[in-house]
């Protein structure tokens with residue numbers, strides 16, 4: 001592995017009396033794909049929001065390339081080379097593809113005037129690069145006219161524009177067709193091949209198992225397991241582990257039912 | 001994930017169609033590549049407003065050809081129209097940003113009062129204009145901060161500020177107006193309020209303002225961020241845009257526009273009244289929406305708003321000139337607003 005891109009130390013986040021995160025340590029090194037898994041309410045979303053600067057942690061330390069940062073914000077996070085593809089895609093649907101790709105990072109010249117033709121050319125190149133071209137839309141099409149997969153393409157294009165060092169993909173395959181899901185996985189492999197890092201959040205443990213180098217299991221606001229790929233034999237190991245964490249005593253008949261379901265698949 | 005399932009990313013539409021598209025060099029072809037169709041699609045709302053205006057004027061002309069071919073009618077509209085334009089245009093930004101500002105009439109009154117005080121004290125009107133602009137900027141910042149940082153509903157908070165500031169003017173002035181008789185001899189008056197070849201010079205300033213604002217809206221980072229914030233404030237925040245600052249800025253812009261409008265209205269009348277600006281509230285709001293800016297935020301049209309202002313200005317003059325009594329004015333105002341809204345609803349799709 002290489003340089004440590006980001007490190008969270010003992011991060012907590014509370015909303016009033018409720019703790020969403022209770023002391024989380026997490027780091028991502030250059031060129032690795034980290035799979036973050038956890039049940040609903042485990043604190044995955046909160047953790048993503050802290051990494052992307054949208055939410056400020058209650059306590060804890062954030063280190064970018066080994067240096068502690070202060071005044072962490074969404075703009076700072078992007079400046080540090082961290083791009084997030086949010087679960088809801090975070091698109092402005094009444095705007096054009098160009099405006100969405102350059103949202104918050106407009107290409108401007110003298111006194112903030114937009115370099116319109118450069119933006120269109122760059123958007124066109126990006127969309128082509130990740131294979132989300134089509135004969136029916138242009139960089140100036142309205143995002144609201146696009147399908148779910150195409151919208152995901154716009155969100156991904158926005159994330160890779162600045163050669164981000166870490167791309168956070170929050171449930172990127174939710175509500176996508178099989179072909180579109182395959183595209184997202186291909187994209188993840190492309191990014192890893194180019195030496196950049198990915199934090200992949202997924203509900204589908206089989207999906208995460210397929211692409212991650214390292215797994216982090218979050219449970220009720222705490223890291224329950226960190227394991228390298230070599231330490232985990234199969235996706236079922238992870239699933240069993242998560243069940244044990246969720247129900248320490250074990251639920252009678254749960255494993256049997258689950259295995260039967262997997263055989264059916 | 002088996003290898004066979006992975007699609008070919010270079011040609012996601014399949015090898016044959018992708019190749020065909022590359023060969024024809026039209027991978028991004030779209031109906032809007034035709035410049036005329038593109039222009040129409042990009043400016044649907046503004047063109048719709050223009051159509052409403054043309055139809056309305058045609059009806060007026062048929063009703064009374066003699067009056068509608070005399071220059072005097074147009075000259076009088078062109079004198080008062082600029083005042084409205086200076087507030088309609090910034091309000092398009094405010095509405096596109098997902099907010100509303102009902103405090104601009106009081107800002108017009110207060111800024112133009114400052115202008116009147118400076119001129120009355122014997123200073124150069126240019127200094128008065130600067131003082132009015134500073135007042136407008138500060139009031140815009142005050143109203144914007146109250147709404148944005150105070151977390152108040154812009155509809156109610158700006159309505160409250162409108163009453164509050166107007167009340168302040170009335171308390172201090174006790175209803176008394178200020179006459180500015182020496183204004184007519186000043187250079188500022190010649191530059192901003194005289195006539196050139198029979199055309200009121202204000203309209204040129206107003207057109208310049210509309211063109212500048214349209215560029216700001218469509219070709220500047222400010223306009224781009226206003227639209228994104230109005231469209232999806234959460235996304236804008238996630239992408240690192242200072243949503244609150246953008247919102248405050250649109251209120252400041254309205255404050256500046258209102259200050260210019262108020263100053264122009266005083267220069268037209270040579271008199272400042274404590275009610276200056278009050279009559280503009282409803283016609284200006286109507287102009288924004290007649291112009292094709294929808295109420296839900298994210299999209300808007302500056303040029304459409306300007307055409308909306310022209311339309312609304314001509315209703316009153318037109319109805320009376322067409323031979324109907326003044327009692328019909330409100331009825332036609334309402335009719336035009338409703339018809340325009342129906343037209344825009346049909347003309348523009350709302351994406352979610």
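Quick note: the coordinates plus some simple rules give every number you see, no bench work behind them. The model shown is predicted, which means the values in this text are computed figures rather than measured ones. Ideal geometry is used to build each Cβ from the backbone, glycine not excepted, and the neighbour counts take in all protein chains shown.
Odds and ends about this structure:
- Considered as an equivalent ellipsoid built on the Cα gyration tensor, the stretch A:91-163 has semi-axes of 20, 13, 11 Å, the largest given first.
- Measuring max minus min along each principal axis, the C-alpha atoms of the stretch B:45-191 give extents of 49, 44, 27 Å (largest first).
- For the stretch A:1-36 and the stretch A:103-118, distance of Cα centres in Å: 34 Å
- Here the Debye sum runs over all C-alpha atoms of the protein assembly as shown as equal scatterers in vacuum, and log10 of I(q)/I(0) at q = 0.07 Å⁻¹ comes out as -0.57.
- Each principal axis of the Cα cloud of the stretch B:44-347 was evaluated for its coordinate range; sorted largest first, these ranges are 59, 53, 33 Å.
- For the stretch B:154-202, projected area of the alpha-carbon convex hull averaged over all directions, nm²: 5.8 nm²
- Length-normalised contact order of the stretch B:44-347 in % [C-alpha pairs under 8 Å, at least 6 apart]: 36 percent
- Förster radius 25 Å - calculated FRET efficiency between residue A:210 and residue A:147 (Cβ-Cβ, nearest 0.05): 0.55
- Shape category assigned to the stretch B:149-298 from the gyration tensor of Cα positions, a/c cut at 1.5: oblate
- Take the Cβ atoms of residue B:70 and residue B:324, set R0 to 25 Å, and the FRET efficiency comes out at 0.90.
- Relative to the longest principal axis of the Cα atoms of chain B, the long axis of helix B:104-120 makes an angle of roughly 40 degrees.
- Largest first, the extents of the alpha carbon coordinates of the stretch B:173-257 on the three principal axes equal 55, 40, 17 Å.
- Span from the the stretch B:127-162 Cα centroid across to the the stretch B:275-318 one, whole angstrom: 20 Å
- With the simple model of a label 7 Å out from the Cα in the direction of the Cβ, residue A:163 to residue B:278 spans 6.4 nm.
- Label-point gap, in nm, between residue B:141 and residue B:271 - each point 7 angstrom along Cα→Cβ: 3.5 nm
- Our analysis of the stretch B:215-294 gives Rg over Rh at 1.09, with the two radii drawn from alpha carbon positions and Rh computed by the Kirkwood formula.
- Cβ-based exposure ranking for B:221, A:30, in which fewest neighbours within 10 Å come first: A:30, B:221
- Rg/Rg_globular for the stretch A:99-235, with Rg_globular taken as 2.2 N^0.38 Å and Rg from C-alpha atoms: 1.21
- Here the extension length gained between residue A:121 and residue A:27 equals 30.3 nm, from 0.36 nm per residue of separation less the Cα-Cα distance.
- Anisotropy class assigned to the stretch A:4-73 is oblate, per the alpha carbon gyration tensor with a/c at or over the 1.5 cut-off and a/b no larger than b/c.
- Taking N as its residue count, the alpha carbon Rg of the stretch B:247-352 over 2.2 N^0.38 Å: 1.22
- Proxy reagent accessibility, fewest Cβ within 10 Å first, across A:28, A:208, B:130: B:130, A:208, A:28
- FRET efficiency estimate (nearest 0.05) - Cβ-Cβ, residue B:219 to residue A:59, R0 41 angstrom: 0.40
- Percent RCO, i.e. relative contact order, over chain A, from Cα pairs under 8 Å lying at least 6 residues apart: 26 percent
- The stretch B:129-231 shape via C-alpha gyration tensor axes, a/c threshold 1.5: oblate
- Relative to the longest principal axis of the Cα atoms of chain B, helix B:71-96 runs at roughly 50 degrees.
- Helix axis angle, B:125-148 relative to chain B longest principal axis, alpha carbon, degrees: 50 degrees
- A simple spin-label model places pseudo-atoms 7 Å from Cα toward Cβ; at residue A:233 and residue B:296 they are separated by 5.4 nm.
- The stretch B:58-183 - percent relative contact order, Cα under 8 Å, separation 6 or more: 27 percent
- For chain A, the equivalent ellipsoid derived from the alpha-carbon gyration tensor has semi-axes of 33, 23, 16 Å in decreasing order.
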